[in-house]
Amino acid sequence: TYSALATGGTETGVTTLEMAAAYAVFGNGGYYFDPYSYYKVTDRNGNIILDNTRLEPERAISEYAADTMREIMYSTITQSYGTAYGHQVSGFDTFAKTGTSSDNYDKWFCGGTPYYVTAVWLGFDYNEDTSENAEATAIFSSFFDDVHANLDYRDYDDVKEETALYLESIKEEE
């Protein structure tokens, strides 16, 4: 079904890195950045081996659509009927989407704050029921609470402003 696509339910699947990159557009005003695992790598002499510091994003959806989707996904965490109710990161606006595939073979939690976006997947390489396993929401909460423990408050307007400044700096370099 099309609704399964929102949490990675495809024929061949997607990685958690790809899902996190897809959900990041909801926090940064609609821009998609190719995901990467390393920001910058240098050798012992300072020569750059890998550099992801100047990636050019592409507009994936409008800022209005990104803001609207984020607002909708707040309810997953903040409303008592939400599937991840109560799993917001303390002190931060948190958006999220949960998902379970047919027959409980996969469990997903994709969500973020103004600082970070992540995706949690529970499942097996083969189809096996995951209903006896931990919940992806609990893993997200534990991990993100620790990650955000010493961070200052910021909101999504700060993120969108930083994205705009980054885009300006890239244009100036061209």
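The values are calculated or read from the model by the stated rules, or taken from the named source; none is laboratory data. As the structure is a computational prediction, the values presented were derived from the model and not from experiment. Backbone-built Cβ (ideal geometry, glycine too); neighbour counts: all protein chains shown. Calculation scope for accessible area: heavy atoms of the full protein, side chains included, ligands and nucleic acids excluded. Shrake-Rupley method; radii C 1.70, N 1.55, O 1.52, S 1.80 Å.
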Problem - Low-density loop cleavage sites - GluC sites (Glu not before Pro) in the range 93-157, where at most 14 other Cβ are within 10 Å (DSSP) - result: 128, 132
Fill in the blank from the handout: Under the rule rounded for a/c under 1.5, else prolate if a/b exceeds b/c, else oblate, using alpha carbon gyration tensor axes a ≥ b ≥ c, the range 120-174 is classed as oblate
Handout entry: Largest-first principal axis extents, alpha carbons of the chain, Å
Key = 51, 34, 34
Practice task
Subtracting the Cα-Cα distance from 0.36 nm times the residue separation, let me have the gained length for residue 62 to residue 75 in nm, one decimal.
Solution key: 2.6 nm
Fill in the blank from the handout: Placing +1 on each Lys and Arg Cβ and -1 on each Asp and Glu Cβ in the range 25-153, then taking the dipole about the Cα centre, the residue among 124, 35, 85 whose Cα reaches farthest towards the positive end is 35
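How far, in nm, would the chain grow between residue 142 and residue 45 when pulled straight, counting 0.36 nm per residue and subtracting the alpha carbon separation?
Working it through step by step, the gained length comes to 31.1 nm.
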Exercise for the section: Given the peptides 141-153, 105-117, arrange them by the average over their residues of other C-beta atoms within 10 Å, most packed first. Expected result: 105-117, 141-153
Problem - Mean ellipticity per residue at 222 nm, deg cm²/dmol - from DSSP H runs of n ≥ 4 across the chain, formula -39500 (n - 2.57) - result: -10500 deg cm²/dmol
Completion exercise
the range 23-174 accessible area per residue, 1.4 Å probe, protein heavy atoms, integer Å², reads 61
Exercise for the section: Quick one: of 40/171; 40/107; 97/160, which pairs are farther than 29 Å apart, Cα to Cα? Expected result: 40/107
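Do any GluC sites (Glu not before Pro) in the range 11-106 lie in a DSSP loop with no more than 15 other beta carbon atoms within 10 Å, and if so, which?
11
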